[in-house]
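Since the structure comes first, as structure tokens, the remarks are kept for the end.
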Amino acid sequence: MSDALIVIDVQRGFADPAWGRRDDVDAESNIAALLAAWRERGAPIVLVRHDSVLPDSPLRPGRTRQ
């Protein structure tokens, strides 16, 4: 059995103030370190993101932060 790193919902849209105050300000740097380690190993990485269909959602594809 092979190991894989699964990264779920790491998107700029979650930085939108509508979500409230962040509780893990180091999340992105920790995720970047994990990704770098997995890439160096050549291990599989699966990236999953939420694409909202709601027009005002910060997670709608192509929406820019205002």
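Taken together, the values in this text are just the output of simple stated rules run on the coordinates, not laboratory data. Only a predicted model underlies this, so the values are computations on that prediction, with no experimental measurement involved. Neighbour counts run over all protein chains shown; Cβ positions are idealised from the backbone, glycine included.
Under a Cβ-only charge scheme (Lys and Arg +1, Asp and Glu -1), can you give me the dipole magnitude of the chain about the Cα centre, in debye to the nearest 20? Before the final figure, lay out the partial values.
On the way: 9 positive and 10 negative charges, 48 e Å.
Its charge dipole is roughly 240 debye.
Helix-only mean residue ellipticity at 222 nm, the chain, DSSP H runs n ≥ 4 weighted -39,500 (n - 2.57), per residue, nearest 500. What is it?
Working: 1 runs with 15 residues, N = 66.
After summing the helix terms and dividing by residue count, I get -7500 deg cm²/dmol.
Stokes-Einstein at 20 °C, 1.002 mPa s, Kirkwood radius from Cα pairs: D for the chain in µm² s⁻¹? Mind dumping the intermediate values first?
Values: Rh = 13.6 Å.
For these conditions, the coefficient is 157 µm²/s.
Under the 0.36 nm per residue contour assumption, what length would be gained going from the current alpha-carbon distance of residue 35 and residue 10 to full extension?
Details: separation 25, 0.36 × 25 = 9.00 nm, distance 1.21 nm.
Between residue 35 and residue 10, full extension yields an extra 7.8 nm.
With r defined as the distance between the Cβ atoms of residue 18 and residue 49 and R0 fixed at 22 Å, what FRET efficiency is calculated, to the nearest 0.05? Walk me through the numbers on the way to the answer.
On the way: r = 17 Å, r/R0 = 0.79.
My answer for the efficiency is 0.80.
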